[in-house]
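The values are calculated or read from the model by the stated rules, or taken from the named source; none is laboratory data. For clarity, every value in this text was computed on a predicted model and none was experimentally measured. Here the Cβ positions follow ideal geometry from the backbone for every residue, glycine too, while neighbour counts run over all protein chains shown. When the accessible area is computed, the model is the full protein with side chains, heavy atoms only, and any ligands, DNA or RNA have been set aside. Shrake-Rupley method; radii C 1.70, N 1.55, O 1.52, S 1.80 Å.
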Amino acid sequence: MRAVFVDANESLAVITERLEKPGDPRMWINRNPDIKSEDYPAVLDGAEIAVVDHTALPTDVARKCAGLKHVVFLGTGARSYMNPEELAELGISVHLIKGYGDTAVAESAIALMWSSARVIAQMDREMRAGNWLREDGMQLTGKTLGLVGFGGIAAEVARIALGSGMKVIAWNRSPKSHPGVEFVDLDTVLASSDVVSIHLLLNDETRGLITRDKIAKMKKGVVLINTARGAIVDEQAMIDALNSGHIRHAGLDVYNIEPLPKDHPLTKIPNVTLSAHSAFRTPEASENLIHAAWEHCRRIVKE
């Protein structure tokens, strides 16, 4: 059984080679992270396992991938890149990797929160342009952080935020408990929080969950953080709330369109701090990620 890492950047390729063990399935690494969806059949060349970092796999392209039986997706958000149910109908199983970057993403969410609260990125931009912008920041000690969704990443965010003197409340679709965190309904999280941070997987239930009406229920002057998926939030409603000042600042790592076009409205709004879907990108998280991918491949071969 053969595996192909279809879209490896150099750092992930090096880790993949280093973690290979004797007896592992043959893994060919395509060191071109910029392949297109239509390149899948040629890149896979009949391989049974595709390891995928970020390249979309439309169902009509998957039909052309002779021999493909397994997709090991490097993360949890496969639905943003493929339709697992449709692939299953073709006999292709999609395998996800959870928990590999919980701390990395949590630290990024916290970094975006502090940067947004203290307007650091905006002051940096203005100073580089020659303007001595001095903005009043939001002091976060004693403020309420509301977590929308509560898995491993949100638990890490809660740990850091509680340690910095914030009150943490949360809503989750299924009952949860966690030391120091008060669990309440979603509307209470939105109405009571000085900072709202999104921590949900994207699926049919969560797509568009944070509607215009939900944003209107947030406190005026709220800071909004999203390191989950862009499509969970009504983007135009968020932009309108940023322009009106209802949302004081947004710290975003995820978008409806990625890469974010240079002329996108979000690039023109001053009270937004942007990062390039990189919350999970640390050497430690990458090591965990590739280790888990190899474990998937080893398990598949033994089935």
Checklist entry - Given segment 148-225 reduced to its alpha-carbon atoms as identical point scatterers, what log10 I(q)/I(0) does the Debye formula return at q = 0.17, 0.20, 0.22 Å⁻¹? => result -0.64, -0.89, -1.08
Item to check | Gyration tensor (alpha-carbon) shape descriptor, segment 57-177, a/c threshold 1.5 | outcome: oblate
Checklist outcome for this item: The answer for segment 101-274, accessible area per residue at 1.4 Å probe in Å², is 46 Å²
Item to check | Cα gyration tensor category, rounded, prolate or oblate, for segment 1-51 with a/c compared to 1.5 | outcome: oblate
Checklist entry - How would you rank 268-275, 67-74, 130-137, highest first, on the average number of other Cβ atoms within 10 Å across their residues? => result 67-74, 268-275, 130-137
Next on the checklist: Using 0.36 nm times the number of residues separating A129 and N83, minus their current alpha carbon distance, what extension gain do you get?
Outcome noted: 12.1 nm
Checklist entry - If you take the charge dipole of the chain about its Cα centre, with +1 on Lys and Arg Cβ and -1 on Asp and Glu Cβ, which of V4, C65, S174 is farthest toward its positive end? => result S174
Item to check | Estimated dipole of the chain in Debye, rounded to 20 [Cβ of Lys and Arg +1, of Asp and Glu -1, Cα centre] | outcome: 540 debye
Item to check | Carbon plus sulfur fraction of accessible area for segment 170-222, probe 1.4 Å, in percent | outcome: 51 percent
Checklist entry - Based on the inverse mean of 1/r over its pairs of different Cα atoms, what is the Kirkwood hydrodynamic radius of the chain, in Å? => result 20.6 Å
Item to check | At 1.002 mPa s and 20 °C, Stokes diffusion of segment 101-274 via Kirkwood alpha-carbon radius, µm² per second | outcome: 133 µm²/s
Checklist entry - Which order do peptides 112-118, 203-209, 89-95, 291-297 fall in by mean Cβ count within 10 Å, highest first? => result 112-118, 291-297, 89-95, 203-209
Checklist entry - To the nearest 20 debye, what is the magnitude of the charge dipole of segment 1-61 about its Cα centre, counting +1 on the Cβ of each Lys and Arg and -1 on the Cβ of each Asp and Glu? => result 240 debye
